[in-house]
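Quick notes on the structure that follows.
The values are calculated or read from the model by the stated rules, or taken from the named source; none is laboratory data. Values in this document were obtained by computation on a predicted structure and should not be read as measured data. Cβ placement follows ideal geometry from the backbone for every residue including glycine, while neighbour counts extend to all protein chains displayed.
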Amino acid sequence: MEKIGFIGLGIMGKPMALNIRKAGFPVTVLNQSKAANTLAEAGADIVASVKELAEQCDIIITMLPDSPDVEQVVSGPDGVLESIRPGSLFIDMSTIAPSTARTIARQMQEKGVEALDAPVSGGQVGAEAASLSIMVGGREAAFQRALPVFQAMGKNIVHIGEPGAGQTTKAANQMIVGMTIQAVAEAFTMARKAGVDLEKMREVLLGGFAQSRILDLHGKRMIERNFAPGFKLKLHKKDMRIALQAGEEFAVPLRGTAQVAAQMDAALAQGNGELDHSALLLVLEQEYKN
Ligand code: NAP
């Protein structure tokens, strides 16, 4: 089996790496990672540097916060590009700018390495249950090589197209998710003010046309006021920025996306960036206090 090096063991990366390990792949992680011990207990190898990891592994996966973090790990000093072996496969599963994904694919190709952008949807729950949706950009042969590893982490795995196509799809996903959270938050705030029982409202709406996973999971979070992440608001704001940049690039006015991005800015200004993105509700509650 191919040896997998996994960099970025956060809310998503840790369960994803554990699921790869559970599927029987040899996994290597970095000793500076907060979750290194958990992975070691599951049988992963621990190394001290990106250099060692890249030298020892056949497939290298990153799951990091933002484009600059991936750029740093890939092309910064002592980064993946310096030591990755020709014939290896590089897969970035973070949500980053499509343009950065395309640049990385070019840089890797110059080293004789195939690259895939393979962002995910499904959240922490999907990462733990190995039921993520995975949207993939890059060459078909590289996709086929990665498929058994993707199948250890997800269920709905689609090769979208050229390098960057996975990230463009993910930006579209985040626009829909962000605007739906705002819709649920507005509906709940209005209904609560009108004296409606939100639990009963959620129950009946889940059987109708407004049904969505966001109404289900984030509606529940809003009722229970459980804003522990999950998906951090500051990361979703980063995704809305990526979407707005794509809108500018292709001259598509993304007015709803822009408004929800502004709501997210207000949430960050409230100091709520580390909370789950369902905490977008708190911006409205702050405004409607009186
Ligand atoms: P997170 O919990 O903040 O984890 C990110 C991990 O990346 C950290 O735990 C750390 O791992 C590593 N890291 C952070 N800053 C770094 C840097 N500057 N350089 C190198 N490594 C760094 O974030 P997450 O929620 O797992 O999200 C990761 C990516 O998945 C993001 O792009 C996010 O948008 C996307 N995503 C998240 C969700 C979700 O529901 N959370 C869903 C879909 C997609 P170590 O401790 O191992 O060093």
Task: Options PHE209, PHE227: the member that is buried (at least 18 other Cβ atoms within 10 Å of the Cβ), in a loop (DSSP other than H, G, I, E, B) and not assigned by TED's automatic domain parsing to the domain that holds GLY13 - done: PHE227
Task: The lone exception for LEU64 - which of (1) more than 8 Å from the ligand (Cβ to nearest atom); (2) surrounded by fewer than 23 Cβ atoms within 10 Å (Cβ to Cβ); (3) under 22 Å from VAL120 (Cα atoms) it fails - done: (1)
TODO: Among the numbered conditions (1) under 28 Å from GLY24 (Cα atoms); (2) surrounded by 16 or more Cβ atoms within 10 Å (Cβ to Cβ), tell me where LEU147 comes up short.
DONE: (2)
- [ ] Check region 23-30 and report whether any residue there is closer than 22 Å to LEU235 by Cβ and either within 23 Å of the chain's Cα centre (by Cα) or not acidic (Asp, Glu) (or both).
- [x] yes
TODO: Kindly indicate whether any position in region 189-198 is touching a helix residue (DSSP H, G or I) at 6+ places or on another chain (Cβ under 8 Å), in contact (Cβ under 8 Å) with a residue 60 or more places away in the chain, β-branched (Val, Ile, Thr) and not in a loop (DSSP other than H, G, I, E, B).
DONE: yes
- [ ] Answer yes if at least one residue in region 171-182 is more than 12 Å from the ligand (Cβ to nearest atom), in the same structural domain as ILE61 (by TED's automatic domain parsing) and not in a strand (DSSP E or B), and no otherwise.
- [x] no
TODO: From the list ARG213, ARG106, ARG192, pick out the single residue that is within 16 Å of the ligand (Cβ to nearest atom) and charged (D, E, K, R).
DONE: ARG213
TODO: Among residues belonging to region 22-47 that are more than 13 Å from the ligand (Cβ to nearest atom) and assigned to a loop (DSSP other than H, G, I, E, B), point out the one that is farthest from ARG85 (Cα to Cα).
DONE: ALA42
Task: Count - residues of region 76-92 that are farther than 29 Å from GLY123 by Cβ and in contact with a Leu (Cβ under 9 Å, 6 or more places away or on another chain) - done: 1
